[in-house]
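Have a look at the structure below, then the notes.
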Amino acid sequence: MTLKTVHSVAELRAIVANWRAEGLRIALVPTMGALHFGHISLTEYARQTADRVIVSIFVNPTQFGPDEDFGAYPRTLPDDQKILDGAGVELCFAPSVTEMYPDGFATKVSVDGSMTDVLCGAARPGHFDGVAQVVTKLLLQALPDCAVFGQKDYQQLMVIRRFAADLNIPVNIIGAPILREDDGLAMSSRNRYLTADERKAAPTLNRVLTEITNAAAQGADIDPLLDAGRKEIITAGFGPVDYLEVRDENTLELVAKQVIKPSRIFVAARLGKARLIDNRAIEPGKIAG
Ligand code: AMP
């Protein structure tokens, strides 16, 4: 089956309705395009449980702050379509901004509390409201059986699980592992912003996360590790470190002193024009790969 691309909700719904009539299972993979193997790994994950895979491509203006990279974000639909076709994806949904937010649009979706106050929620005010708004719409537009999101954006995945449960959206939310380059850098559309020198420095983030993960998993005090990690990141050429923190993997509460329950280390730091984020699981007693 070759890839079909549609731009309207009506066309999307018509195709989904036909698949439903055939009794097929449907998965949605929401993206902002500029696709890489990380995105494709999500479609492969989706394929394990679904007969038909839809990838949405939409650079959502409402999740970008006024000084962020909405205008500069790479838009590469023809290349993305080739990649999706090669990956065996059946449908690409690429709506325009006016299709998603027509005149008169007035509804917000907002997740309150500790889950959105911290990490990227603190560094990017309003970001998760925009994510919740657009993902709610995409889930309701396609009404798939499941939707797959990357743990690369771990906090985003938790926020999506929260509002999908709170709003009784009948879609199974699946989290998929982070895909990395050979040198450990988490794949990201924003890696395209990096110069050659910055690209060489970028794997520092994962190296620092892995070092701290392994030491913390063995019971080391985390504060000195985090201090040293921040210095290592700055020395490698990064600008400000928005955060380097260890948090409970379920509640996102800050972990103090030692890791005694499943946690995650999170980092966000600026490198040239890119703001890179990454995270790793810390399981007490276990060494990370
Ligand atoms: P984006 O296009 O950056 O908004 O990402 C779309 C989806 O792909 C989100 O669920 C991301 O978490 C996921 N994703 C992005 N990069 C990776 C990666 N390196 N590994 C796994 N999933 C990823």
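The values are calculated or read from the model by the stated rules, or taken from the named source; none is laboratory data. Model, not experiment: these values are computed from the prediction. SASA here: full protein model, heavy atoms, side chains in, ligands and nucleic acids out. Shrake-Rupley method; radii C 1.70, N 1.55, O 1.52, S 1.80 Å.
Phi angles of segment 103-117 translate, via the Karplus equation with coefficients 6.51, -1.76, 1.60 and θ = phi - 60°, into HN-Hα couplings of 3, x, 4, 9, 9, 10, 10, 9, 9, 7, x, 4, 5, 10, 7 Hz per residue; Gly and Pro are given as x. Springs join every pair of Cα atoms under 10 Å in this Gaussian network model of the chain, and among Phe266, Phe64, Phe128 the largest mean-square fluctuation is at Phe64.
Result for the chain in a Gaussian network model with C-alpha springs under 10 Å: among Gly239, Gly121, Gly113, the largest mean-square fluctuation is at Gly113. For segment 189-282, with all protein chains in place and a probe radius of 1.4 Å, 53% of the accessible heavy-atom surface sits on carbon or sulfur. Can you tell me what share of the DSSP beta bridges in the chain is antiparallel? A percent to the nearest 5 is fine. Counting only bridges with both partners in the chain, antiparallel ones make up about 50 percent.
Relative to the dominant Cα principal axis of the chain, helix 77-86 is inclined by about 90°. Beyond 21 Å, the tail of the calculated P(r) for segment 29-134 holds 45 percent of the Cα pairs. Computed from backbone phi with θ = phi - 60° and the Karplus coefficients 6.51, -1.76 and 1.60, the 3J(HN,Hα) list for segment 161-178 is 4, 4, 6, 5, 6, 4, 9, 6, 6, x, 10, 6, 8, 10, x, 10, x, 7 Hz; x is used for glycine and proline.
Computed as a quarter of the hull surface, the mean projected area of the alpha carbon convex hull for the chain stands at 15.2 nm². Between helix 37-47 and the chain there is an angle of about 60 degrees, using the helix long axis and the longest principal axis of the Cα atoms. Could you tell me what percent of the accessible area of segment 4-176 is made up of carbon and sulfur, with a 1.4 Å probe and every protein chain present? That fraction is 53 percent.
Scaling against 2.2 N^0.38 Å puts the C-alpha radius of gyration of segment 164-289 at 1.12. Helix 222-235 and the longest principal axis of the Cα set of the chain meet at an angle near 80°. Solvent-accessible surface of segment 189-282, averaged per residue with a 1.4 angstrom probe and all protein chains in place: 45 square angstrom.
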